[in-house]
Amino acid sequence: MTFALGLYLISLGINYVPMLIYAVAMTKNDSALAEICNELDDKHRAMAKYRRQSILLLIPLLVPIVAFGRLKGERAPQTPNT
């Protein structure tokens, strides 16, 4: 039981690695304010969005999988329209 709990907590910690990398990138680019500028117009909607997303942090390894999928999707070559 203790081993399973330890694995769960480690996998939850791994969830925060992509968010740390993204936060550092935003800080280096000074783009943090630009990232949230539009969302601050409707604070209630923004808080509801982030509340839902924060619940997903409880699912082990979900954030790294989603981040990798988005990164892979951005790098996929696009076929020209003919």
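The values are calculated or read from the model by the stated rules, or taken from the named source; none is laboratory data. The structure displayed is predicted, hence computed values, not measured ones. Note: ideal-geometry Cβ built from the backbone for every residue, glycine included; neighbour counts use all protein chains shown.
Do we find a residue being surrounded by 10 or more Cβ atoms within 10 Å (Cβ to Cβ), out of contact with any Gly (no Cβ under 9 Å at 6 or more places or on another chain) and not in a helix (DSSP H, G or I) anywhere in segment 63-76? Checked against the condition, which is being surrounded by 10 or more Cβ atoms within 10 Å (Cβ to Cβ), out of contact with any Gly (no Cβ under 9 Å at 6 or more places or on another chain) and not in a helix (DSSP H, G or I), segment 63-76 yields no hits at all.
Among residues of segment 8-34 being hydrophobic (A, V, I, L, M, F, W, C) and in contact with a Pro (Cβ under 8 Å, 6 or more places away or on another chain), the one that is surrounded by the fewest Cβ atoms within 10 Å (Cβ to Cβ) is VAL17. The single condition among (1) touching a helix residue (DSSP H, G or I) at 6+ places or on another chain (Cβ under 8 Å); (2) in a helix (DSSP H, G or I); (3) of a type outside the set (Gly, Ala, Ser); (4) at pLDDT 85 or above that LEU5 does not meet is (1).
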